[in-house]
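A short write-up of the structure that comes next.
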Amino acid sequence: MKDLDRLYEFGVEQFGLKQADRYFDGLIARFEIIARNPWLAPAVEHLLSGLRRSVYFSHSIYYLSDASGIQIIRILGREDVTQALR
């Protein structure tokens, strides 16, 4: 996933490998929580039908969920959400 790669590279450059690994591991753990409990995060249907948003520190994980599982659409920080989801 492009967003995940970008976040990891930024983390290594700005905070070092150890901190980037810790943050990356935390994101993966959050994905697992979302996969087990996709309805816990609030819906943001004004952006896209069925879309949900889970916050992990300074990033928002936007995803869709159905009977087959979850699909992570974007992982965004301060980016313009409306623009990024186009």
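We did not get these values from a lab; they are worked out from the coordinates using the rules stated. Note that the coordinates shown come from a computational prediction; the quantities given were computed from them, not determined experimentally. Here the Cβ positions follow ideal geometry from the backbone for every residue, glycine too, while neighbour counts run over all protein chains shown.
If you filter segment 1-67 for chymotrypsin sites (Phe, Trp or Tyr not before Pro), then keep DSSP loop positions with at most 10 other Cβ within 10 Å, what is left?
Numbers: sites: Tyr8, Phe10, Phe15, Tyr23, Phe24, Phe31, Trp39, Tyr56, Phe57, Tyr62, Tyr63; in loops: Trp39, Phe57.
Here the chymotrypsin sites (Phe, Trp or Tyr not before Pro) that fit, given the DSSP loop and packing criteria, are Trp39, Phe57.
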* Asked: Against the longest principal axis of the chain, how steep is helix 2-15, in degrees 0 to 90 to the nearest 10, with axes from Cα atoms?
  -> 30 degrees
* Structure fact -> So, with points 7 Å from each Cα along the Cβ direction, the Tyr56-Phe15 label distance in nm works out to 1.1 nm
* To do: Report, by chain and number, residues whose modeled amide H sits under 5 Å from the one on Val44, excluding near sequence neighbours (fewer than 5 apart, same chain).
  => Leu51, Arg52, Arg53
* If you average the sequence gap of Cα pairs under 8 Å that are 6 or more apart and divide by the length of segment 1-84, what percent do you get for the contact order? -> 18 percent
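What do you get for trypsin sites (Lys or Arg not before Pro) in segment 1-79 restricted to DSSP loop and a cutoff of at most 15 other Cβ within 10 Å of the site's Cβ?
The qualifying sites are Arg78.
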